Amino acid sequence: MSPAGPQSRAVRKAVVPAAGLGTRFLPFTKSTPKEMLPVVDKPAIQYVVEEAVSAGITDVLMVVGRTKRPLEDHFDVVPELEANLAAKGDSTKLALVHRSTELADVHYVRQHEAKGLGHAVLAGKHHVGDEPFAVLLGDDLIDERDALLARLVEVQQTYGGSVVALLEVPQETVNMYGCADLAPDEASEGDDDVVRLKGMVEKPDPADAPSNLAVIGRYVLSPAVFEVLENTAPGKGGEIQLTDALETLAGMPAEAGGGLRGVVFRGRRYDTGDKLDYLKTVVRLASGREDVGAEFNAWLGEWVASGFDTEQPTHARPDAPSAKA
Ligand code: G1P
């Protein structure tokens, strides 16, 4: 392991792109950002901010679009609701309501045009300044028991440069992700989960993909990425791709803020990017919950045993004769 050197600064800030149109969740996303979709009882975005905070982040910049209002409201105080719960002595609900307001310093910047993920990250330039920072994409939720972002921060502080989270995926699905092109790395030999990247390709054809290591939505980036993004031409889909900027950073010298490593994640990642994955995520997280898990799992078992009979009246017991019989 080689220390990153005295120029390495602590990672205190995170940029969370949340300006997507969310077209896979219409009509919900007509007036509400998809980051507000409830995962059991919390909006997806709160899981993301909680994850950032547990990795030592104290300042979160959300890059928002036209439907930003519910996001702002969620991380703001609601005095009348708090007063009402306090008057009733409901300290449990009061704590739930208050929690999102005291997690971190949350700031907002508007992305005026949807020009891609790289463009969204660039909107954080002035807020972030000259220090390494995290980027968290709301479509990926990482189980709170698996401290992925904290590990990324640790690796960035050790090796400098930038660090991405990688997940081994089936080769035929690499076209949905940024894909890692690995290089030999003697420096990280002692760290089993760390690899060095010589490049990255955004959503390659599986036949041409340099590996099946996909980038999932967690990054710790050198501030050098901003200048690189300013000079990155639109790539895949006509958008300014963060992946293309990382490809450039991978080839730059350490003194200029270059260098790119990956942390290979082997934990629990939940996808909320489309309807089907979102439903799976809600079911999986609900199953593990202390408050509703046992009852939910019992019901789920019965529902599976019923053969997913949607004709069945909802009040019928699974062993009762079906209305069709
Ligand atoms: C984005 C990135 C891609 C990354 C993915 C992770 O793609 O461009 O490199 O692998 O997030 O979720 P998107 O899913 O926004 O199309």
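Regarding Q157, is this residue without any contact (Cβ under 8 Å) to a residue 60 or more places away in the chain and farther than 18 Å from D140 by Cβ? Can you show your working first?
Details: without any contact (Cβ under 8 Å) to a residue 60 or more places away in the chain: no; farther than 18 Å from D140 by Cβ: yes.
The answer is no for Q157.
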Worksheet, complete the sentence: In segment 111-133, anything out of contact with any helix residue (DSSP H, G or I) (no Cβ under 6 Å at 6 or more places or on another chain) and either assigned to a strand (DSSP E or B) or within 20 Å of S222 (Cβ to Cβ) (or both) is listed as G116, H119, A120, A123, G124, H126, H127, V128, G129, D130, E131, F133
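Restricting to segment 256-299, and then to whatever is assigned to a helix (DSSP H, G or I) and within 15 Å of the ligand (Cβ to nearest atom), can you tell me which residue is farthest from L21 (Cα to Cα)? Let's see the steps before the verdict.
First, the residues of segment 256-299 that are assigned to a helix (DSSP H, G or I): 256, 275-287, 293-299.
Pick out the ones that are also within 15 Å of the ligand (Cβ to nearest atom) and you get 275-278, 281.
Values: K275: 15, L276: 18, D277: 18, Y278: 16, T281: 21 Å.
The residue in question is T281.
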Fill in: Filtered residues of segment 265-298 (kept if exposed (fewer than 12 other Cβ atoms within 10 Å of the Cβ) and farther than 30 Å from V164 by Cβ)
E290, D291, A294, E295, A298
Worksheet, complete the sentence: N231 vs (1) touching a residue at least 24 places away in the same chain (Cβ under 8 Å); (2) surrounded by fewer than 20 Cβ atoms within 10 Å (Cβ to Cβ): all pass except (1)
Item to complete: Select from segment 140-180 the residues that are surrounded by fewer than 16 Cβ atoms within 10 Å (Cβ to Cβ), part of a loop (DSSP other than H, G, I, E, B) and charged (D, E, K, R) and list them in ascending order.
Response: E144, R145, D146
Worksheet item: Of all the residues that make up segment 34-53, how many are crowded, with 19+ Cβ neighbours inside 10 Å and free of Cβ contacts under 8 Å to residues at least 60 places away in the same chain?
Response: 4
Worksheet entry | Selection status of D193, in contact (Cβ under 8 Å) with a residue 60 or more places away in the chain, under 21 Å from D146 (Cβ atoms), away from the ligand (no atom under 16 Å from the Cβ) and among the charged types (D, E, K, R) | yes
Response to the item:
The lone condition A245 fails out of (1) under 13 Å from L117 (Cβ atoms); (2) among the small types (G, A, S); (3) at pLDDT 95 or above; (4) surrounded by fewer than 22 Cβ atoms within 10 Å (Cβ to Cβ) is (4)
Discussion item. When you scan segment 99-106, do you find a residue that is closer than 30 Å to A187 by Cβ and surrounded by 17 or more Cβ atoms within 10 Å (Cβ to Cβ), even just one?
Written reply: no
Worksheet entry | Scope segment 206-220; condition in contact with a helix residue (DSSP H, G or I) (Cβ under 6 Å, 6 or more places away or on another chain), more than 13 Å from the ligand (Cβ to nearest atom) and farther than 15 Å from L152 by Cβ; matching residues | P206
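The values are calculated or read from the model by the stated rules, or taken from the named source; none is laboratory data. What you see is a predicted model; the values in this text were computed from it and never measured. Virtual Cβ from ideal backbone geometry, glycine too; neighbours counted across all protein chains shown.
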